[in-house]
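The values are calculated or read from the model by the stated rules, or taken from the named source; none is laboratory data. Just so it is clear, the structure is predicted and the values come from calculations on it, not from any experiment. Here the Cβ positions follow ideal geometry from the backbone for every residue, glycine too, while neighbour counts run over all protein chains shown. Accessible surface areas use protein heavy atoms only, side chains included; no ligands, DNA or RNA. Shrake-Rupley method; radii C 1.70, N 1.55, O 1.52, S 1.80 Å.
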Amino acid sequence: MALSAKDLRGKLVGVCVSGGLDSKTVSKRLVEEGVQVLAFSADLGQPDEDDIQNVSKRMATCGVETVIVDLKAEMAEGCFDVVRCQARYDGGYWNTTGIGRIVTCHGLVTAMQKRGVQVLSHGATGRGNDQMRFERYTNVLAPSMLVYAPWRDPELL
């Protein structure tokens, strides 16, 4: 059964965030619904973020504290595994995006468990397979942790 925002009241929800519009919208709407939200963002060394601490600053405008989890070493190791295995999409670019998702999910779920988070909320929309990645990885890594998909909750939208 899919969770709705109302089901989250009284639970600590860890929202996976990038600090972009989708992350801010979901976090703000959950706060407005009376949900206790703690944001988590992975630092994979992504080149599109000059200063990863800017994610925290952007999320603070929504009234949400953000935990930045340094996963650069884990991402580098995953990328070395990709190269060793010659894992490429149709012989083209390296499959680092898929590795990045498991590194992110594992790192954020671990950090969430340390903070007592009961529900992981991802901001993945229906444009790709990230919804399934986050949900499946969470179910494997933390079977007792619930998963909330905000973009599939008509009450939140």
For the chain, what % of the accessible area comes from carbon and sulfur atoms, probe 1.4 Å?
53 percent
So if I take the centroid of the Cα atoms in the range 1-33 and the same for the range 38-72, what is the distance between those two points in Å?
16 Å
For the range 25-140, with the dipole built from +1 on Lys and Arg beta-carbon atoms and -1 on Asp and Glu ones, taken about the Cα centre, which of 68, 44, 111 lies farthest toward the positive end?
111
Report the accessible area of residue 70, computed with a 1.4 Å probe over the heavy atoms of all protein chains in place, in Å² rounded to the nearest 10.
90 Å²
Accessible area, probe 1.4 Å, largest first, for residues 18, 4:
18, 4
At what distance in nm do the modelled label points of residue 115 and residue 32 sit from each other, each positioned 7 Å from its Cα along Cα→Cβ?
2.2 nm
Two pseudo-spin positions, 7 Å from Cα along C-beta at residue 65 and at residue 11, lie apart in nanometres by 2.1 nm
Take every DSSP beta bridge with both residues inside the chain and express the antiparallel ones as a percent of the total, to the nearest 5.
5 percent
Can you put 58, 136, 115 in order of accessible area, largest first, using a 1.4 Å probe?
136, 115, 58
Only Cα pairs under 8 Å and at least 6 apart count here; give the relative contact order of the chain as a rounded whole percent.
28 percent
Probe radius 1.4 Å, ligands and nucleic acids left out: which of 71, 44 has the largest accessible area, and how do the rest follow?
44, 71
Can you tell me the relative contact order of the range 1-65? Whole percent, Cα pairs under 8 Å, sequence separation 6 or more.
37 percent
